[in-house]
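Data first, discussion second: the structure below is written as structure tokens.
The values are calculated or read from the model by the stated rules, or taken from the named source; none is laboratory data. Note that the structure is a prediction, hence the values are computed from the model and not measured. Reconstructed Cβ throughout: ideal geometry from the backbone, glycine too, with neighbour counts over all protein chains shown. Just so you know, the surface numbers come from the protein's heavy atoms only, side chains and all, with ligands and any DNA or RNA stripped out. Shrake-Rupley method; radii C 1.70, N 1.55, O 1.52, S 1.80 Å.
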Amino acid sequence: MREQIVICMPLKNAEKTLNKSVNSILQQVNTKREVVLLVGLDNSTDNSEEILKNIALQNPNVVLLNVNFNEAYLNRNFLNDYARKNYPNCVLIGRLDADDIIYSDRTISHIEALYDKHNFDVFMCGNKQLLNGDVLEWENKPSKELLKDDFLIDQLFEMTQGNPKAELASCNIFIKPTVIIEYPKKVSAEDHWFTVLLLLQKEKINILIDEQLLYCFYSLDGVLTNENKNKNKYSQSREELYNYCLNQSPLVVIRNKWNDYMSKGGMSFHESNILKNKERLENFWKLDYPLNKRIEKQLKEFAHKKIRLLDIGCGPFPKSGVHLENYSIDRTLVDSMADNYHALLEEHSINTYRQEIIKSEGEKLSEKFKNNSFEVIFSKNALDHTYNPISVISNAIDLLVPGGFLIMEHYIKEGEYTNYFGLHQWDFFIKNGNFYISNKGGQIIHDVNAFFKSTQIESFYEGKKIINIIKKK
């Protein structure tokens, strides 16, 4: 018996579009395998059933199944499972909604050829979108970057903001019958959820993403979609999906490690350091302690002499300095351990000269300060200890005035050097002239230059340190 490719079509009241959709499947050419269409007819009240019966009489590979779900996700799961159980020679299960049309008569043969070449478990490609019967110029094509957690999370966030170009190309998926992942119980965006659940299994299954191939003309005029938009279910489900994915990513693992370490205090180093070096360390708090030389060098860019300076992750002994002759330096100190540090300094009778450390995570700076509030932001050996350094950098850039500078000093690949112990979950390094941040195993890799194209970034090594100077344009 020949192998089959089974296309699943859940259907309810689609008499206006059904013929075009089904015919686009029946007109496929050059396939080595049988192409079977499974239709789950779910309580239609229009003429859909009669149309399908007439088509099925002439085409034995069109199979009509009457179901009683009234839920799209149940219908989709039923059809996938039916294909698995009743078509033992099925190699791929695809989908097509009753208002969509396969892009060309050779589309399935192209997918078949890719399957023979790559033996994928999951295949994803693109579509053209239809709105009010018109084909939109823009093509909804998936990026291979979707296999990277940070890119996927960014795209899901854009979906929550209503960006149509961020919509996952979720109707264009083929799976092997051995891939047992179900559409979740969602009244809206269940296909996006299904797509993300597949992508999150990328370490276990072979996912092939074709950035060029178009599978179908996808209708944006679906009745259920419009109903969900009107009832806010559309946006709610996308927000839930974004938060769900965020909680599955390596970022969450890193944040949990960060929270666990911080909850235990992490003060032993500072205690011993004070006992050994108290007299020297006290100098960092004095109001005449010289401004850091790197900061001083950048001040020539400003015509005025009043400088607002933010020191992120300053620790109990801020290394930014505070005094430069002929300048007025208004310094603000922030650290997530501020309360612990103040208690430590008080315990050892170290005078802070009424300078306060404001308690804030670097990732939440925008909640503490307004945009365009600082000429210079400084961070020394701190951002690589945060749970999301790219978020901290993004916040810092927002807080800078145009022409302002973010100056960072860190050890090169400190995560790797410490075997990713405690807060050391990130590596800062330079590759091909660009500033990179990655975590253990390279699950997350950020090209900072590509991330912040509206800035000017200078990066260089100095001994064991990496220096990054980011200028806001």
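Observations
- If you filter region 360-389 down to residues that are open to solvent by less than 20 Å² (accessible area, probe 1.4 Å) and in a strand (DSSP E or B), you find that the one that is nearest to N419 (Cα to Cα) is S379.
- Residue ranges of strands (runs of 3 or more DSSP E) in region 390-473 with at least 1 members closer than 24 Å to K297 by Cα and of a type in the set (V, I, T): 400-411, 426-431, 455-462, 465-472
- Members of region 110-157 found to be open to solvent by 60 Å² or more (accessible area, probe 1.4 Å), touching a helix residue (DSSP H, G or I) at 6+ places or on another chain (Cβ under 6 Å) and modelled with pLDDT of 90 or more, listed by number: E145
- All of (1) at pLDDT 95 or above; (2) part of a helix (DSSP H, G or I); (3) not β-branched (V, I, T) hold for Y73 with one exception: (1).
- Looking only at region 137-164, and only at residues there that are assigned to a helix (DSSP H, G or I) and among the acidic types (D, E), the one that is farthest from Y242 (Cα to Cα): E145
- Index of the failed condition, N340 passing every other in (1) open to solvent by 30 Å² or more (accessible area, probe 1.4 Å); (2) part of a loop (DSSP other than H, G, I, E, B); (3) in contact (Cβ under 8 Å) with a residue 60 or more places away in the chain: (2)
- Within region 178-192, the set of residues being open to solvent by less than 20 Å² (accessible area, probe 1.4 Å) and either assigned to a helix (DSSP H, G or I) or of a type in the set (A, V, I, L, M, F, W, C) (or both) comprises V179, A189, E190, D191, H192.
- Of the residues A56, A14, the single one that is of a type in the set (G, A, S) and crowded, with 18+ Cβ neighbours inside 10 Å is A14.
- For L214, the requirement of being crowded, with 21+ Cβ neighbours inside 10 Å, more than 28 Å from S44 (Cα to Cα), at pLDDT 95 or above and of a type outside the set (D, E) is met.
- Residue list for region 245-292, filter: under 30 Å from L156 (Cβ atoms) and open to solvent by less than 60 Å² (accessible area, probe 1.4 Å): C245, L246, S249, P250, L251, V252, I254, W258, M262
- Residue pairs whose Cβ atoms lie under 9 Å apart, separated by 6 or more positions or on different chains, with the first residue in region 298-322 and farther than 17 Å from S373 by Cβ and touching a residue at least 40 places away in the same chain (Cβ under 8 Å) and the second assigned to a helix (DSSP H, G or I) and β-branched (V, I, T), are G313/V392; P316/I274.
- Top-ranked residue of region 295-324 - restricted to ones that are assigned to a helix (DSSP H, G or I) and open to solvent by 50 Å² or more (accessible area, probe 1.4 Å), ranked as nearest to K472 (Cα to Cα): E301
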